[in-house]
Structure formats: C-alpha cells, structure tokens
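Asker: Take a look at this one; I'll ask things after.
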Amino acid sequence: MPKRVAALVLLCVAQTVAGQQPRSAFAPEGITPITLGLAGYAKVLCSAVFVSGRDPAEAFKNSGFFLFPDDQRAGVTYAVDRDKKLVRMTHGTTTRTAKFYGDQGCIIHPQNHDGIFFTPVAVKTRLPDAASQPWPMGDAPLGTSKSDVPAEIDRAHLDKAVDLAFAGPEALTAGFIVVYKGQIVAERYMPGITKDTQLESWSMGKSLTATLFALLVKDGVYKVDDPVPVPEWRVPGDPRGAIKIADLLHMSSGLKFIAGQDPDYTPDKGYPDHTLIYTGAIDAFKHSMTRPQQFPPNTEGRYRNSDPLMVGWLVKQAVTRRGEEYLTYPQRALFDRIGIRRHVLETDPYGNFLLTGYDYGTPRNWARIGLLYLQDGMWQGQRLLPEGWATFVSTPAPAWKQPVYGGLFWVNGDGAWPIPKSAYFANGAGGQRTVIIPTHDLVVVRMGHHRGDRAGMRSLRDALAELMLAVPGRSETLHH
C-alpha cells in the first residue's frame, strides 16, 4: 500500500454500507465489510504474534486496525491460541480466524472452511549460519568500531540522522539502517526489536515481486514487451489482449480493480478489490485475471493490487511449468544468493503469494535487496538481474500523470523527498521504506509499526535531509 492508503482503506471500509456484499464472484456470499475487516485484522495480529514475536495487545493497537472501522473497533475482541497458533477475532456474533502455517506465515481461514486449500511447504536456506559470514552474505561483525566509518562521511550528521529517524515515540520506528558503498554505517532498533525480527513490510513486497520476475526475464522466460499470456485475455476481441507485461509492472494495465485511493472512488462502488485480496480469503490471482478492462493499457497509471498480483501469477506459472516448487522459489532463486536466510512470504488460502502486502522481512533483508539494485543487479561480481533492470524500475512510468511511479518501485521524480530526483524506493503501508540513492551510494531502510506512519514519515524526511549533509554525492540538484 502507498502513503495515505491506511486512511483511505479505513474510509472505504467504514463508509461501505454494512451488509452490502463485495463486488466479487470469488468472495463467499453474504460476507460484509465488517466481516472482511475482521478477517484482515485477525491475520495481521496473527502475523505480528507468530511471525514477528510482538505482544498481542501492542500489535492489536498498532497494526491491522486500519482494516477495520475505528468507530466499531471498541466492540472487537480477540483470542490468541498459542497451542494451535491461531487468532480468533470477534465482533458481535461474527468470528474470523487466521492461523500460523510455518514458513507461509499466517493465513485467513475462509468463513465457511476451517483451513486452507493447499499443503504448506517448509522453506529452508542453504546458507551457513549468518554469524559465520560477514555482511552482506552474513551478519558477522567486521571487527570495526562505531567510529570506523569512511573518512568522507560526516559522523555528526550521520548520528543526527539516526536520532531524527527515531525522534518522537509516536513515530513507532522499529528499525533504521544506512548502507554506504555496500557497508552498514548506521543501524538502530526500538526496544524489543532486533536485527532478526521479521517486520510487516506491506507493499515493499511489490518491489520484491518485480525482483523475482526479473530473474525469469534474465532466464529468457519472459520479455517485458510481451503481451500478458493469460489464455482468456488472448481470445480475439478481448481488450485485455493488448496488455503488455510492462503495463503490469508500471501499474498501468487498465484493469477495473476498484481501489480506495482511486481519484474517482466513492463508497457506492462497493468494497474495494484492492482491499478484498487481503481480507476476502479468495484466490487473489484468479480474482485479478477475471477483472474487466476499464482503461486502455498504458494510458492511466493507477495504484492497484491487480497488476503486481498478475506479475506474481506469471512467476508462479513459470516456476511450476519448470517442475519447481513455487513456495520455495524466492528462497532458492533470490534470497540464498544475497544473504537472506529467512523472509516470510504469506499466501492466500490457495497458496498464491500475496506479495502486494503480506510479507515480513528484517531491515537487513531489505537493505540487501536495496543493495542489489544500488549495484545495478550485480552481486559480488555476478549478474543476478538483467542488465538495465534497475534503470527500468527507476524510470517514471509513462502513463502516470506525475513522475512518482516506475516499475513496481516508487520514484522521486517530483522531488517530493529531500533526496535526488534519481532516487527510488520500495514503499509499504505504515511507513516501510527501502530507499535507493545511487548518487550517494546509499541504501536507507526504515521500518515501523503501522500506527506511527505519519509521524514516522516526518521523521524519515528529516533523517534523509540530514543524511544528505553527512554523505558526499555526485552532482545532482537536491530538492527540499
């Protein structure tokens, strides 16, 4: 989810008439926005407890609440069953359940089915213990002290930038890392959070989807200019046949996928598809590919979950067609190659990755992903991403009216952030950011609990401005 979506999702859930059925052929009949919100809230709480190891009361207050209308939240109760590893959340006579399924994290149980529709799979790393390898392939200390930073960095400004990132307890900043020329030069966590805590990452997972897809482009499986190979779309006369893979990556497919942040959204349009894929316990891939066309492709940039979900579907198609295990593909093909030993990618009840938002990683994980892009897709002398991929994702998408979105990454083309316009970032709801600043050889990761979003973004803005004073950069005008 992008900035502001928390409030918009809350608005559209709260304003949708209770009892109105969602506009979806794949959502159970009779399910209401309250019931959907309850399911999503239960899932986020389940993940906070069983994936992140957070206190239930703290997580209930600070995460997941935006999926449920505030004016009715006082009537919500929850129960955490640590033996069965599930969360039950109740409002009135309705109870929804989410359960922890190991390496697939927490998954919502459909209202009429006490379980899921696939067999969970263990995800194991092939890497040795992280303590046995130095950064970035591991976490072993380099033997340097805090004062040992490159001479060209202004230590006072760097320290102040970290302090600013944590300024104000209301920001709920959980972790902050600065990587300069491939090395960690600053790192801090809130009490109770460590470098190994898997934190809610939300829509930073969209950028991860682009990265997983890029591996298949490098393998020659797909080309971004190819039409999207959905058989139903390829029927003569179907306007969706004109959608190219690049349009999905640019969030410019034109699929009719109602979202609360649409400029023309009104509550009478019904429960947003954009949110339904999180709360509905539906087949999210199938729901996305069966949406009709609303705009001609590559004419209207809209932030909608349909497009990254369809890219995710392309990944699943290619991996399973090769006879490989889909649920372990990210670990095998990407994470093990860049030093990530655990990164929890959750699914819908049908076993499809919901990388539009249900993903959990550590700040160091995200710093490694950012570093892969900072290095133009190279990793320790080996090319992992196609040549030019980093340029593709960081170039403003042509159909967006403002230069703020690229290829499943956000871009600073409007200069809204106090960093160079060439900077780009993975963004997630609640203030999750992985910022890549090529001109300064920097990757900056900020993660936090959702309730601190607005205050956290003010803190991050101040921290980035200070960081620009700490680190020398190549010539490019800064925009404050």
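Asker: Does the stretch 135-143 include one or more residues that are among the hydrophobic types (A, V, I, L, M, F, W, C), in contact (Cβ under 8 Å) with a residue 24 or more places away in the chain and open to solvent by 60 Å² or more (accessible area, probe 1.4 Å)?
Answerer: yes
Asker: Taking the stretch 262-296, which residues are open to solvent by less than 30 Å² (accessible area, probe 1.4 Å), closer than 28 Å to residue 225 by Cα and assigned to a loop (DSSP other than H, G, I, E, B)?
Answerer: Of everything in the stretch 262-296, those that are open to solvent by less than 30 Å² (accessible area, probe 1.4 Å), closer than 28 Å to residue 225 by Cα and assigned to a loop (DSSP other than H, G, I, E, B) turn out to be 262, 291.
Asker: While we're looking at this one, here's another question. State all residues of the stretch 308-339 that are surrounded by 19 or more Cβ atoms within 10 Å (Cβ to Cβ) and more than 30 Å from residue 136 (Cβ to Cβ); if no residue qualifies, say none.
Answerer: Those that are surrounded by 19 or more Cβ atoms within 10 Å (Cβ to Cβ) and more than 30 Å from residue 136 (Cβ to Cβ): 310, 313.
Asker: What number of residues within the stretch 309-346 are of a type in the set (S, T, N, Q) and closer than 20 Å to residue 207 by Cβ?
Answerer: Result for the stretch 309-346: 1.
Asker: So is residue 301 in contact with a strand residue (DSSP E or B) (Cβ under 7 Å, 6 or more places away or on another chain), crowded, with 20+ Cβ neighbours inside 10 Å and not in a loop (DSSP other than H, G, I, E, B) or not?
Answerer: When the stated conditions are applied, residue 301 does not pass them.
Asker: Further question: Could you list, in sequence order, all residues of the stretch 115-174 that are among the basic types (Lys, Arg) and in contact with a helix residue (DSSP H, G or I) (Cβ under 7 Å, 6 or more places away or on another chain)?
Answerer: 126, 160
Asker: Could you check the stretch 238-261 and list, in sequence order, the residues that are in a loop (DSSP other than H, G, I, E, B) and within 23 Å of residue 393 (Cβ to Cβ)?
Answerer: 243, 250, 251, 252, 253, 254, 257, 259, 261
Asker: For residue 413, work out the one condition from (1) touching a residue at least 40 places away in the same chain (Cβ under 8 Å); (2) closer than 21 Å to residue 392 by Cα it doesn't fulfil.
Answerer: Here residue 413 clears every test but (1).
Asker: Scan the stretch 444-470 and report the pairs whose first residue is basic (Lys, Arg) and whose second residue is open to solvent by 10 Å² or more (accessible area, probe 1.4 Å) and part of a helix (DSSP H, G or I), with Cβ atoms within less than 6 Å and a gap of 6+ or a chain change.
Answerer: Qualifying pairs under 6 Å: 451/62.
The values are calculated or read from the model by the stated rules, or taken from the named source; none is laboratory data. Keep in mind it's a predicted model, so treat the numbers as computed, not measured. Ideal geometry is used to build each Cβ from the backbone, glycine not excepted, and the neighbour counts take in all protein chains shown. Heads up: the accessible areas ignore ligands, DNA and RNA and are worked out on the full protein's heavy atoms, side chains in. Shrake-Rupley method; radii C 1.70, N 1.55, O 1.52, S 1.80 Å.
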